[in-house]
Amino acid sequence: MADLRIDPDYSSPEASDNEGVSDLLQHSGLSSPSSVISEAAFSHSTDARLVHFVNAVLVDNGTAVPGELWVDVESGLIVSPATARDIINKDTSVEVQTVDLEGDLISPGFIDAQLNGAFGFDFSDDKYGDGSHEAFEAGLADVSRRLVKTGVTSYCPTLPSTFKHVYHKVLPHLRPKRTAEGAESLGVHLEGPFLSPQKPGCHPPDAIMCAPDGIETFKDVYGEENLKDATIITLAAEQDGVMDTIPDLAKMGITVSLGHSVLNYTGGCTAVQKGASMVTHVYNAMRQPHHRESGLFGLLGAQNRDLDAAQNEVPRRRPKAPLVYGGYSAEPPVEVKKDLRPFYGIIVDGIHVHPSCVRIAYHSHPEGCVLVTDAMSPMGLPSGVYAWSTQTIRKEGLKLFLNGTDTIAGSAVEMDISVRNLVEWADISLPEALKTVTTHPARAIGVLGRKGSLNVGGDADLTILSPVGEVKRVYKLGRKVYQATARPPVMIAPSQDSGMPSPRISKPMTSF
């Protein structure tokens, strides 16, 4: 059993500030017993300028420490106790809402770097509803509002391979957008169409293509302005004209991810040398690892000498310009990454990857692990057959197939379930597992500090968890957007002949 790792002797470096704020609130009458509200009484909207979380366990970057957290709702940012005190000193009428978490965990909001759709909406559906821009925006907003119940506060809306006219119509809707209304887009993940026809997965074969004119082909297919706003592009570097686009894409601040590819290990190293910094849903839609030829999976065990030329080519990715909110610049200094191995997405639903292979991948390169759901529009819907692009998908529980085949078509798993599965299958602590949906994806796409951490000055996107990792509440930019209600456990039931064990949804953790 993996324990939460809490330092019992931990004391906040700003303890004196905390005490000062508490004294100030007491004197101003703002911390009376009636202002400390229980979970059941917490309103979904608040007029308070400041929110003060107490009796919490702060989980950040793999650690868990008892503490408290201050949020400035006006700016939507995490603030220090000293800043909170300054705000109160300047205006003693400022309302402060104190929330007693009674030992629950505060995690940065989850990030899903590969989400194709959910709750009946598909990000690549240019004909959604009546086909109007307004209908698409309404569907997008509905997904964003409902997604937070899984702990996800930010995501990369993902488009599988499709056609030029579709990209040009839908991509303008999927640009990064900071919002307190629900989960927000961090920019699109373009999973195709520059993929290998030998590894199409469920992508429509007639949409897959090469790049005969290199980066100019990318600009033409996606639209030049749309390409500038892309966050991740999955590509098969062996396709004609594609390998040479990697340096250009990396210079634009795009995370280049290798996937749907038959590249061997040497080819993967070459792509990383040119600026690729991620692998898409490892094990799936790629050459399978073999002891004489490890393929893209082998990059998880690569030594720097195999990837060293990357230092002489282009940066692994250039971070996008920092966003400044309310006078705070949340972007940290550019990190020099000593380990040149790429990040890798992995789907931990017990269907795409066997639990033993999840364990192998995680322990091969724990600092590169990024959980993704790869969820499709039927996520959250009952079993049945659903339209998708030019094809149909058959949903059986949490399994999705191209209708009439046994080809897996994305997933229907929710991110909080994936986190708990990783705890069980990799035999790690919950704080370690939470890194794979917070710190790691934020670092992979260059937004760490603004997202994916509890750093002062970062967005107050917070997921409140029980000690066993169940989502209890979610805050977006300091405002509560989700309150859990009792719901039956969700179980994954692979077919009897699949050889896949049914995953345990939660693992008992030591309380504190």
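Tabulated values for the structure
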read-out: Residue that is surrounded by the most Cβ atoms within 10 Å (Cβ to Cβ) [pool: residues in segment 360-390 that are without any contact (Cβ under 8 Å) to a residue 40 or more places away in the chain and assigned to a loop (DSSP other than H, G, I, E, B)]; value: Ser383
read-out: Residue that is modelled with the highest pLDDT, among those in segment 391-410 that are part of a loop (DSSP other than H, G, I, E, B) and closer than 16 Å to His352 by Cα; value: Thr405
read-out: Unique match (being modelled with pLDDT under 55 and either buried (at least 19 other Cβ atoms within 10 Å of the Cβ) or within 27 Å of Asp374 (Cβ to Cβ) (or both)) among Ala302, Ala310; value: Ala310
read-out: Residue selected from segment 63-79 under the condition over 24 Å from the mean Cα position of the chain (by Cα) and buried (at least 16 other Cβ atoms within 10 Å of the Cβ), by the criterion farthest from His52 (Cα to Cα); value: Pro66
read-out: Test: residue in segment 173-181 that is in contact with a Pro (Cβ under 9 Å, 6 or more places away or on another chain) and surrounded by fewer than 19 Cβ atoms within 10 Å (Cβ to Cβ); value: yes
read-out: Residues within segment 200-241 that are part of a loop (DSSP other than H, G, I, E, B) and in contact with a Gly (Cβ under 8 Å, 6 or more places away or on another chain), tallied; value: 15
read-out: Filter result (touching a Leu at 6+ places or on another chain (Cβ under 9 Å), without any contact (Cβ under 8 Å) to a residue 60 or more places away in the chain and not aliphatic (A, V, I, L, M)) within segment 232-286; value: Thr234, Glu238, Gln239, Thr245, Asn264, Tyr265, Gly267, Gly268, Cys269, Thr270, Gln273, Gly275
read-out: Residue in segment 257-266 that is within 22 Å of Leu448 (Cβ to Cβ) and among the β-branched types (Val, Ile, Thr) present; value: no
read-out: Options Lys169, Lys149, Lys177; residue that is of a type in the set (Lys, Arg), part of a loop (DSSP other than H, G, I, E, B) and assigned by TED's automatic domain parsing to the domain that holds Thr438; value: Lys177
read-out: Every pair of residues 6+ apart whose Cβ atoms lie under 6 Å, when the first sits in segment 76-103 and is over 15 Å from Asn455 (Cα atoms) while the second is aromatic (Phe, Trp, Tyr); value: Val99/Phe53; Leu101/Phe53
read-out: Filtered residues of segment 124-159 (kept if buried (at least 24 other Cβ atoms within 10 Å of the Cβ) and either at pLDDT below 95 or acidic (Asp, Glu) (or both)); value: Ser124
read-out: Among residues of segment 411-440, those that are closer than 26 Å to Pro176 by Cα and either in a loop (DSSP other than H, G, I, E, B) or outside the structural domain of Ile347 (by TED's automatic domain parsing) (or both), counted; value: 6
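The values are calculated or read from the model by the stated rules, or taken from the named source; none is laboratory data. These numbers were taken from a predicted model, which means no experiment stands behind them. With ideal geometry, Cβ positions are generated from the backbone for all residues, glycine too; neighbour counts draw on all protein chains shown.
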